[in-house]
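The values are calculated or read from the model by the stated rules, or taken from the named source; none is laboratory data. Note that this is a predicted model, so its numbers are computed, not measured. With ideal geometry, Cβ positions are generated from the backbone for all residues, glycine too; neighbour counts draw on all protein chains shown. Note: areas computed on protein heavy atoms with side chains; ligands, DNA, RNA excluded. Shrake-Rupley method; radii C 1.70, N 1.55, O 1.52, S 1.80 Å.
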Amino acid sequence: MTSLIDQFRRPLRDLRISVTDRCNFRCSYCMPADVFHDEFKFLHHDQILRYEEITRLARIAVGLGVVKLRITGGEPLVRRDLDQLIAQLTSISGVEDIAMTTNGFLLEKMAQPLKDAGLARVTISLDSLDNDVFRRMNGDKADVAPVLAGIRAAEQAGLTPIKVNAVVQRGVNDHTMVDLARFCKDNGYVLRFIEFMDVGTRNGWKLDQVVPAKEIIERIDAALPLERVEGNYYGEVAERHRYRDGGGEIGVIASVTQPFCGTCTRLRLSADGRIYTCLFALRGTSLRDPMRAGATDDELATLFAGVWSKRKDRYSEIRTEETAANKKIEMNYIGG
Ligand code: SF4
């Protein structure tokens, strides 16, 4: 099947599905607690897509070339019975991979049911092993221990390879990077350090808080010698390195200093059924409303195709301190 291509001839391959805008953490770089406080108005239940609706849209997207599905949020595990959605998505022929990104806090209980339902693998966000630093970054919502228990449960359930994502902020957690790298290396987890990004409009992003990928690698290499390795596939976001002693690999996702828009194959579906062509998009296109108004699969496919084929996004290549202030969509709404 030929994939749909956009204005830069990038094929549609990945659909990131946000199943909720809610989260049990308040990470400062995504949902700062002072903004997403107890009175914050999240999407109402009847505004968000039902699992059957998500599955229908995913099936249509697969018909247009999507092969990889990633479940995100907010925090996907705060949505009930997520394994039922996984089971539905697994029934779509043509899907090659179903993965999920989670903060791991609820993973200990859910790992096995998700695996049994067909989930292939998980990426756990863990910004530091230092409990004080971790609590400072997640809005004082959780300790490291339950997340580590979640990782172990995922490993025992066979949701492997285990990937760990860590957002690096200068002066916040960069002094704990080597400990986290050593922990992941010793346990065979694939760690990805992520440059702090100006997602949304609420995280107070400043360029001087970004630790560039080059510096991250130099600082890890100084303690745990590394060598660069080639990418796995077209559209891979992480720059890969392996430990010279054969102890596995590590990567950096450098959206700020080494943009990868040229091979970006990702479309995002928000919890209320809008599709977004970029993590830093200003607006999206609703598929929920025409779907609930009785649109056929062909009509929805035409909408999908129209949005992707007109796509020209390359935000990270044009980012400036000025564009950082653009009224971009919030990350808790469309997932990372
Ligand atoms: S900035 Fe937008 S276009 Fe570029 S890689 Fe990220 S999501 Fe893709």
Inset, instruction - Only residues that are open to solvent by 60 Å² or more (accessible area, probe 1.4 Å) and within 11 Å of the ligand (Cβ to nearest atom): list them for region 307-333, please. - result: Lys312, Arg314, Glu317, Ile318
Legend entry - Matching residues in region 279-291 - criterion: being more than 9 Å from the ligand (Cβ to nearest atom) and either of a type in the set (Gly, Ala, Ser) or surrounded by fewer than 13 Cβ atoms within 10 Å (Cβ to Cβ) (or both): Leu282, Arg283, Gly284, Ser286, Asp289
Legend entry - For Leu300: the one exception among (1) out of contact with any helix residue (DSSP H, G or I) (no Cβ under 6 Å at 6 or more places or on another chain); (2) more than 9 Å from the ligand (Cβ to nearest atom); (3) assigned to a helix (DSSP H, G or I): (1)
Legend entry - Odd one out for Glu299, checked against (1) open to solvent by less than 20 Å² (accessible area, probe 1.4 Å); (2) at pLDDT 95 or above: (1)
Legend entry - So Ile86, is it surrounded by 15 or more Cβ atoms within 10 Å (Cβ to Cβ), part of a helix (DSSP H, G or I) and of a type in the set (A, V, I, L, M): yes
Inset, instruction - Inspect all residues belonging to region 162-172 and state whether any of them is among the charged types (D, E, K, R) and under 29 Å from Ala281 (Cβ atoms). - result: yes
Legend entry - Residues that are within 16 Å of the ligand (Cβ to nearest atom) and either under 18 Å from the mean Cα position of the chain (by Cα) or of a type in the set (D, E, K, R) (or both), drawn from region 259-273: Pro259, Phe260, Cys261, Thr263, Cys264, Thr265, Arg266, Leu267, Arg268, Leu269, Ser270
Inset, instruction - Could you please find all residues in region 98-146 being assigned to a loop (DSSP other than H, G, I, E, B) and of a type in the set (A, V, I, L, M, F, W, C)? - result: Phe105, Leu106, Leu119, Ala120, Leu126, Leu129, Ala142
Legend entry - Residue selected from region 227-256 under the condition of a type in the set (Val, Ile, Thr) and within 13 Å of the ligand (Cβ to nearest atom), by the criterion surrounded by the most Cβ atoms within 10 Å (Cβ to Cβ): Ile253
Inset, instruction - Any chance you could count how many residues in region 274-297 are in a loop (DSSP other than H, G, I, E, B) and either within 24 Å of the chain's Cα centre (by Cα) or within 14 Å of Arg16 (Cβ to Cβ) (or both)? - result: 9
Legend entry - Within region 201-226, considering residues that are of a type in the set (A, V, I, L, M, F, W, C) and in a loop (DSSP other than H, G, I, E, B), the one nearest to the ligand (Cβ to nearest atom): Trp205
Inset, instruction - Might you check whether a residue that is assigned to a helix (DSSP H, G or I) and farther than 23 Å from Tyr243 by Cβ occurs anywhere in region 89-96? - result: yes
